[in-house]
Structures are given as structure tokens and as C-alpha cells.
1. Out of all the residues in region 80-101, is one or more without any contact (Cβ under 8 Å) to a residue 24 or more places away in the chain, assigned to a strand (DSSP E or B) and within 24 Å of residue 26 (Cβ to Cβ)?
2. In region 78-102, which residue that is surrounded by 16 or more Cβ atoms within 10 Å (Cβ to Cβ) and among the polar types (S, T, N, Q) is nearest to residue 116 (Cα to Cα)?
3. Looking at residue 136 and the list (1) more than 13 Å from the chain's Cα centre (by Cα); (2) assigned to a helix (DSSP H, G or I); (3) of a type in the set (S, T, N, Q), which single condition is not satisfied?
4. Just the residues that are under 27 Å from residue 56 (Cα atoms) and part of a helix (DSSP H, G or I), please, taken from region 102-133.
5. Any residue that is at pLDDT 95 or above and surrounded by 12 or more Cβ atoms within 10 Å (Cβ to Cβ) - is there at least one of those in region 2-12?
6. Confirm whether residue 70 is on the phi < 0 side of the Ramachandran plot and either among the small types (Gly, Ala, Ser) or more than 17 Å from the chain's Cα centre (by Cα) (or both).
7. How many of the residues in region 131-158 are at pLDDT 95 or above and either in contact with a Cys (Cβ under 8 Å, 6 or more places away or on another chain) or under 13 Å from residue 17 (Cβ atoms) (or both)?
Amino acid sequence: MSQNNRTQASHGSIHNLEVKHSTYIRNDAHRIYAALTTSEGLDSWFTTGSKVNAAPGGEIHFRWVNWGPDHITAEDTGIVLEAIPVERFTFQWHPDTPDYATTVEINIASAEDGTIVRLREYGFADSESGLDAVLNCAAGWGEALTLLKFYLEHGVHY
């Protein structure tokens, strides 16, 4: 982090902060894409009753019921921006407030004996709630990609 970015961060500015995660999954890119871009795929490892229209302009609706150790029940709806089968899936959603959306880009690339999934989320508000959202999403996407890996490699799901 540059000195200028450290100074901004210490003064509460989160402008241009992004969430970035990547993971290697020993599975086929087609199966990974389906697990991320279909209702059945998401519900098999991550959500309960989600809906996905994986086409530009389509809707993505995440729904969690009694999820995780804190038994969270939540939902959010967003718009699919890009859906290139087996390569890229981009959508917007509202991890902070309904007043604005962040953008989530997921890139899928074949690698030796598996696939690399790279995720980037950006567009968080420059506010206290935006800072809270970026921190929660950083932890949450790391957990989500780990859950995806365990599901696709070992059949383990929450």
C-alpha cells in the first residue's frame, strides 16, 4: 500500500478499496461455472432458494435461511452484467445498503489438473457502513470460495 493510500485509510476513506480472492479448485471449469451461475448450483453449496438468470440484464437473487453458525436469514437481489460461460460472471448486489450496488467479477481459468477462480468486488461507499461492508465481504468471499472448493472437490456442503 502506498503512503498516500495508507494516509487515506487512516483517515477513514475507503475510496477504491476492493475485495480480491482467488482459489485453485481441482474440478472442471464447466462444473464450477454452473455452481456459481445457476439456482441449483448455488443452492447445492451456499444458498437456500436462490434464483439466477445468468444473462446480461438478468436477475440474481441470493437467499440464505438459518445459514452458518449465527443462523442468518437474509436475501439480496442484483443484476447480472456479464455471463460468459465457463470464463466470467459479473453481477451487482447490495452488501451495504439498498442505496447503491457493488460489482462482483468472477473469472474462471483452466489450470493444470483444475481451475483457478478469481473474484473481485468493488464500488463500496466511502462511509462507515461502506467500510464495514468491505470488511465483511472480504471475509465472506474468502469463506464462500473455500466452501465452493470443498463442495466441488469433496462433496462437502453446509
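The values are calculated or read from the model by the stated rules, or taken from the named source; none is laboratory data. Remember, predicted model here, so these are calculated numbers, not experimental data. Virtual Cβ from ideal backbone geometry, glycine too; neighbours counted across all protein chains shown.
1. yes
2. Here the residue is 90.
3. That leaves (1) as the condition not met.
4. Selection gives 130, 133.
5. There is no residue in region 2-12 that is at pLDDT 95 or above and surrounded by 12 or more Cβ atoms within 10 Å (Cβ to Cβ).
6. Spelling it out, residue 70 is indeed on the phi < 0 side of the Ramachandran plot and either among the small types (Gly, Ala, Ser) or more than 17 Å from the chain's Cα centre (by Cα) (or both).
7. Summing the residues that are at pLDDT 95 or above and either in contact with a Cys (Cβ under 8 Å, 6 or more places away or on another chain) or under 13 Å from residue 17 (Cβ atoms) (or both) in region 131-158 gives 7.
Residues checked against (1) closer than 22 Å to residue 105 by Cβ; (2) of a type in the set (Lys, Arg); (3) at pLDDT 95 or above:
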{"site": "29", "(1), (2), (3)": "yes, no, yes"}
{"site": "32", "(1), (2), (3)": "yes, no, yes"}
{"site": "40", "(1), (2), (3)": "no, no, yes"}
{"site": "51", "(1), (2), (3)": "yes, yes, yes"}
{"site": "64", "(1), (2), (3)": "yes, no, yes"}
{"site": "69", "(1), (2), (3)": "no, no, no"}
{"site": "76", "(1), (2), (3)": "yes, no, yes"}
{"site": "79", "(1), (2), (3)": "yes, no, yes"}
